[in-house]
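The structure appears below as structure tokens.
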Amino acid sequence: MIANPDEWPSWGRTPGETHYSPLDEINTDTVGNLKLAWHTDLEPGFTASTPLMAEGKVFVTSGHSHIRALDAVTGKQLWEYDGGTRERATSTLQMSWGNKGIAYDAGHVFLVTTDGYVISLDAKTGKEAWKTYDYPDQAPRNSNGAPRVFGGKVIVGFGGADISPARGFVSAYDEKSGKLAWRFYTTPGDEVSPVNQKAEAVMRKTWPSGWKNPDGTRRGGGGTAWNAFSYDPELNMIYLGIGNGFPYNQNLRSPGGGDNLFLASIVAVDANTGEYKWHYQVCPGEQWDCTATTDMSLATLKIDGKDRKVLMQAPKNGFLYVIDRASGKLISADKIAKVTWADHIDMKTGRPVENPGIRYAGKPGMFELWPGPTGAHSWMPQAYSPQTGLLYIPVIEKGALIGDGQKGGAEISRGMGVTLNPEAGLKNDSRSFLKAFDPATQKEIWKVELPGDWPGGVMASGGGLVFEGQIDGQFVARDAKTGKQLWSFKAQSPIVGAPITYRAGGKQYVTVLSGNGGTGGGIGSPGNAAYRTDYRAPRHVLTFAIGGSDSLPAYQPPKLVPPADPDFKPDTNKIMAGGMAFATNGCMVCHGWNAVGGGAAPDLRYSPAIVDPQTFKMIVQQGGLKLNGMPPFRQLSDQDLEALRLYLRARAKAAPGEAQAAQHGGPSSR
């Protein structure tokens, strides 16, 4: 399967997910003449996605399953489609993240709505060709990763393993009819289809005490595959990147221990049937939110004088793995960031050599964990260039404090069984880099430190360039061999999603979406205080070409002033209870750590609603702004609601001083 070099039809452009284009009109010599060719405005919300290009159209998804088709040369909107998530959603989970991507194949655009509908649209008109529902039960789930089309099948995963033991699975639908072709389960369970029998036998051995409570309810699970899929048409294998377990605390999830397959694993399955072929687990007995859901890039590398067909992944745990993609055998693994949970990977067994005391269960107190749950590499795509032979990884260096949640500590999420402080001020905390590695030798070739601790996704091109957005709003092109910055453009909001490049009308273009995504683990964290933008900051589809003549209208950020609140009376206990309600109900996912907005949703410290109890109740508890993307939190009692409101009022009182600190030597002003 050879992709048209002029197009970018899928998340990683090709089934090998390399995020590389051979186009070279824009190159190290000409990139200095790159100018804005056209732009299109986007609504406030989640825009950290990767666009597509096919049939002379640029397809973008933003917000809650909202799709647009734009003319690739002019940016004129040709059609739009609203997936209807805001109207249908029955849980906060289904509204808390925006879509990160869509797929294209054979005249159709494919999307998965955040509440689980898989939809095929006619690429010419935006009309539905078919629509089906992916969730077999009512367990909490959401779908925000990009679907893929591999071998005539639409590959779909979902998320939600941070709040529920829901059993993970990946579904494959016939791209023409929408009929379910196969479903592969990633943790053991009672439902075992013939195609899952081999995988089930492998998994059950690694859950020695089973996955169920004595009453038959599910005790442990997770293993959601929400983001990473790759495909080798010659081997006819699809590779699945599997996520973390639930609860985090393995003593609760699997009291008898065990590796708990296929948590935190790469799994290869037959593309036609979904039958298990092999697996490689990056974190046996996963308990640190150690996921393998980052991009898996496929390539042929010259290793020890021989051509090897490999899969390359840098998961959250801080190592770069090079794996034989036919057999699953580990070829090499080495650290890409600060790592304290493991010393190294044993090349004979392929297993990590864990550092003493790193398993927190049953121990009092908190200790440092590197990387923290944010990971050394998150969902933001890496890129591999066959031209340079280098792998370009957006790397995070960020630690956390972690401990046993059964010792009276406060969990930040429902039932995780762990005390977790991801925003701890640790030595050398909150940094990010773009790093170039030679995956054949595991040697770091160059690195560039980036603003804050939340790097953007990466794209490499045949012009010898690497493009990446930054949370300070800069869109940058670097020399792929040296990392030297050759060009930049200042956008009006952060750029987190990965760019693409394509050719239309004989001309090469580069397109990227400005605007960040969810703030819970990323741009809304304290390390990025200096780069936060207002929710109302402009978000755009930005398209560049040599000699472009467009420009953005001037933008002056509004001055944020907390609402007048003369009746505020602090109550430490109630404020603490409100802060816990803010954390455990997922408010921070959209509104940021400590209610400091990162731009994907309003900064609640400046909202007039927090000083009016009736307005606050109407919005938060009753869903008055559901169509704006704010779900109702009906589970909150009136007492919880008032504690939450008092917490936000306290945060508003502290806002002016915090804003001044961020401007004068805050944690990200290094």
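The values are calculated or read from the model by the stated rules, or taken from the named source; none is laboratory data. Predicted model only: the values in this text are computed from it and were never measured. Cβ atoms come from the backbone with ideal geometry, glycine included; neighbour counts cover every protein chain shown.
Test Pro602 against the stated conditions and say whether it is assigned to a loop (DSSP other than H, G, I, E, B), surrounded by fewer than 14 Cβ atoms within 10 Å (Cβ to Cβ) and at pLDDT below 95.
Details: assigned to a loop (DSSP other than H, G, I, E, B): yes; surrounded by fewer than 14 Cβ atoms within 10 Å (Cβ to Cβ): no; at pLDDT below 95: yes.
Judged against the criteria, Pro602 is not a match.
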Quick one: what pairs do we get from region 580-599, first residue over 20 Å from Glu658 (Cα atoms), second buried (at least 22 other Cβ atoms within 10 Å of the Cβ) and at pLDDT 80 or above, C-beta under 7 Å, 6+ apart or different chains?
Ala581/Ala643; Ala581/Leu644
Please give the number of the condition Val269 fails out of (1) in the same structural domain as Ala498 (by TED's automatic domain parsing); (2) part of a strand (DSSP E or B).
(1)
Yes or no: Tyr173 among the aromatic types (Phe, Trp, Tyr) and in a loop (DSSP other than H, G, I, E, B)?
no
Pairs only if they're at least six apart or on different chains, beta carbon under 6 angstrom, first in region 634-645 and in the same structural domain as Met618 (by TED's automatic domain parsing), second β-branched (Val, Ile, Thr) and buried (at least 19 other Cβ atoms within 10 Å of the Cβ); list them, first residue then second.
Arg645/Ile610
Of all residues in region 205-232, which are over 29 Å from the mean Cα position of the chain (by Cα) and surrounded by 13 or more Cβ atoms within 10 Å (Cβ to Cβ)?
Pro208, Ser209, Gly210, Lys212
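Give the number of residues within region 15-67 that are over 21 Å from Ser549 (Cα atoms) and touching a residue at least 60 places away in the same chain (Cβ under 8 Å). Working first, answer last.
Here is the first cut: in region 15-67, the residues over 21 Å from Ser549 (Cα atoms) are 15-23, 43-55, 59-67.
Applying the additional criterion that residues be touching a residue at least 60 places away in the same chain (Cβ under 8 Å) yields 15-23, 43-55, 59-60, 62-64.
Adding up the residues that qualify gives 27.
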Glu87, sole failed condition from (1) assigned to a loop (DSSP other than H, G, I, E, B); (2) more than 21 Å from Gly457 (Cβ to Cβ):
(1)
Here the residues within region 41-84 that are part of a strand (DSSP E or B) and over 26 Å from Thr14 (Cα atoms) are Asp41, Leu42, Asp82
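Check whether at least one residue in region 185-200 is under 26 Å from the mean Cα position of the chain (by Cα) and surrounded by fewer than 24 Cβ atoms within 10 Å (Cβ to Cβ), and report yes or no.
Taking region 185-200 as the starting set, the residues that turn out to be under 26 Å from the mean Cα position of the chain (by Cα) are 185-188.
Right, trim to surrounded by fewer than 24 Cβ atoms within 10 Å (Cβ to Cβ) and you get 185.
Yes, because at least one residue in region 185-200 is under 26 Å from the mean Cα position of the chain (by Cα) and surrounded by fewer than 24 Cβ atoms within 10 Å (Cβ to Cβ).
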Can you tell me which residues in region 278-326 are over 20 Å from Leu434 (Cβ atoms), buried (at least 21 other Cβ atoms within 10 Å of the Cβ) and basic (Lys, Arg)?
Arg325
Output the residues belonging to region 559-599 that are touching an Asp or Glu at 6+ places or on another chain (Cβ under 8 Å) and in a loop (DSSP other than H, G, I, E, B).
Leu560, Gly592, Val596, Gly597, Gly599
Going through region 430-455 in order, the residues found to be in a loop (DSSP other than H, G, I, E, B) and either without any contact (Cβ under 8 Å) to a residue 24 or more places away in the chain or touching a Ser or Thr at 6+ places or on another chain (Cβ under 6 Å) (or both) are Thr441, Gln442, Gly452, Asp453, Pro455
Of Thr349, Thr293, Thr300, the only residue that is out of contact with any Pro (no Cβ under 7 Å at 6 or more places or on another chain), free of Cβ contacts under 8 Å to residues at least 60 places away in the same chain and in a loop (DSSP other than H, G, I, E, B) is Thr349
Against the definition (more than 30 Å from Asp479 (Cβ to Cβ) and either at pLDDT below 95 or surrounded by fewer than 23 Cβ atoms within 10 Å (Cβ to Cβ) (or both)), how does Ser62 come out, yes or no?
yes
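Conditions (1) within 30 Å of Pro22 (Cα to Cα); (2) without any contact (Cβ under 8 Å) to a residue 60 or more places away in the chain; (3) in the same structural domain as Met312 (by TED's automatic domain parsing), marked per residue:
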residue: Lys335; (1), (2), (3): yes, yes, yes
residue: Asp343; (1), (2), (3): no, yes, yes
residue: Asn355; (1), (2), (3): no, yes, yes
residue: Pro364; (1), (2), (3): no, yes, yes
residue: Gly389; (1), (2), (3): yes, no, yes
residue: Tyr392; (1), (2), (3): yes, no, yes
residue: Val395; (1), (2), (3): yes, no, yes
Condition met for Gly56 (surrounded by fewer than 24 Cβ atoms within 10 Å (Cβ to Cβ), at pLDDT 95 or above and at positive phi)
yes
In region 242-277, residue surrounded by the fewest Cβ atoms within 10 Å (Cβ to Cβ) [restricted to those that are at pLDDT below 95 and more than 22 Å from Asn355 (Cβ to Cβ)]
Gly256
Of all residues being touching a helix residue (DSSP H, G or I) at 6+ places or on another chain (Cβ under 8 Å) and within 22 Å of Leu34 (Cα to Cα) in region 428-472, which is surrounded by the fewest Cβ atoms within 10 Å (Cβ to Cβ)? Just the residue, please.
Asp472
